[in-house]
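Asker: Below is a structure I'd like to ask you about.
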Amino acid sequence: MINVALPKGRLGEKVYEMFEASGYECPSIKENSRKLIFENEEKGVRYFWVKPSDVAIYVERGAADIGVAGKDILLEYEPDVFELLDLDIGKCRMAVAAKNDFRDNPNKTLRVATKFVNIAKTYYASKGRDIDVIELNGSIEIAPILGLSDVIVDIVETGTTLKENDLSPFETIVPISARLIANKSAFRFKSQAIEDIAEKLAKLTEDRKETK
Ligand code: PRP
């Protein structure tokens with residue numbers, strides 16, 4: 001049995017749909033109950049829904065053999081897992097944004113509000129820029145509006161959230177997408193089954209890229 005951690009929510013539905021299209025369906029998952037664990041014994045898969053930011057922890061600690069996590073989470077927490085495949089879904093970017101009229105003063109410490117402390121620190125260290133990181137858990141966009149920070153480091157998908165709050169993206173730090181990850185020892189002991197899944201998902205991803 002391969003244990004698969006799926007990120008709960010819109011991305012997770014797309015991810016499950018890819019597993020289904022690759023031959024690892026589990027019809028009971030669509031019954032939309034409050035259940036969190038679903039199994040298809042015949043196909044040898046057991047799915048469970050977890051918070052997107054927790055997928056990597058389940059996989060790193062071996063509670064799940066494989067899972068799907070955003071590259072943002074992998075960069076932020078650096079879990080000790082194998083990254084097997086870019087699924088080309090959940091695409092967005094990690095960006096620096098600020099008020100539309102923001103002008104950076106390189107002589108002043110930059111105040112950066114973010115959920116992604118590690119990503120922000122690494123990015124500004126690579127530029128040799130001193131920053132004061134303000135860690136928030138959500139609604140990051142409010143920080144520059146209220147003067148809590150000069151800029152934010154956050155995920156931008158359509159750009160609507162920034163626009164509606166009179167903020168603009170200034171720099172892209174890194175493009176983000178969903179990645180198939182595997183527990184390191186599961187990858188050794190269940191290698192055949194995991195490689196089969198990864199191969200089928202890779203093929204599906206390539207086919208979909210071609211028809212885009
Ligand atoms: C993310 C991010 C932005 C928004 C960007 O939040 O933090 O607020 O999406 O999307 P957009 O560019 O399409 O407007 P998310 O909805 O993931 O929830 P969060 O606030 O809990 O991070």
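Asker: For residue 171, state whether it is exposed (fewer than 12 other Cβ atoms within 10 Å of the Cβ), within 16 Å of the ligand (Cβ to nearest atom) and either closer than 20 Å to residue 134 by Cα or of a type in the set (Asp, Glu) (or both). Give the derivation first.
Answerer: Values: exposed (fewer than 12 other Cβ atoms within 10 Å of the Cβ): no; within 16 Å of the ligand (Cβ to nearest atom): yes; either closer than 20 Å to residue 134 by Cα or of a type in the set (Asp, Glu) (or both): yes.
Taking the combined requirement at face value, the residue does not satisfy it.
Asker: On to the next question. Give, as residue ranges, the helices (runs of 4 or more DSSP H) completely inside segment 43-160 that count at least 1 residues that are of a type in the set (Gly, Ala, Ser).
Answerer: Output list reads 55-60, 117-126, 142-145.
Asker: Show the residue pairs meeting these rules: Cβ distance below 7 Å; 6+ apart or different chains; first residue within segment 74-86 and in contact (Cβ under 8 Å) with a residue 12 or more places away in the chain; second residue aromatic (Phe, Trp, Tyr) and not in a helix (DSSP H, G or I).
Answerer: Hits for this filter: 76/116.
Asker: While we're on this one: Give just the number: which of (1) more than 16 Å from the ligand (Cβ to nearest atom); (2) out of contact with any strand residue (DSSP E or B) (no Cβ under 9 Å at 6 or more places or on another chain); (3) closer than 18 Å to residue 92 by Cβ does residue 106 not satisfy?
Answerer: Just one mismatch for residue 106, condition (3).
Asker: What number of residues in segment 123-161 are closer than 19 Å to residue 100 by Cβ, without any contact (Cβ under 8 Å) to a residue 24 or more places away in the chain and either more than 10 Å from the ligand (Cβ to nearest atom) or more than 21 Å from the chain's Cα centre (by Cα) (or both)?
Answerer: Number of matching residues: 3.
Asker: So residue 38 clears everything in (1) crowded, with 22+ Cβ neighbours inside 10 Å; (2) in a strand (DSSP E or B) except one condition, right? Which one?
Answerer: Answer for residue 38: the failing condition is (1).
Asker: Could I ask something else about it? In segment 175-192, what count of residues is obtained for those that are within 15 Å of the ligand (Cβ to nearest atom), farther than 17 Å from residue 53 by Cβ and of a type in the set (A, V, I, L, M, F, W, C)?
Answerer: Total satisfying the criteria: 0.
Asker: Still on this model: Can you tell me which residue is nearest to residue 147 (Cα to Cα) among those in segment 75-103 that are within 16 Å of the ligand (Cβ to nearest atom) and of a type in the set (A, V, I, L, M, F, W, C)?
Answerer: 98
Read-outs: derived from the displayed coordinates by stated rules, not from any lab. This structure is a prediction, so every number in the text was calculated from the model and none was measured. When we count neighbours, we look across all protein chains shown, and the Cβ atoms used for this are built from the backbone with ideal geometry, even at glycine.
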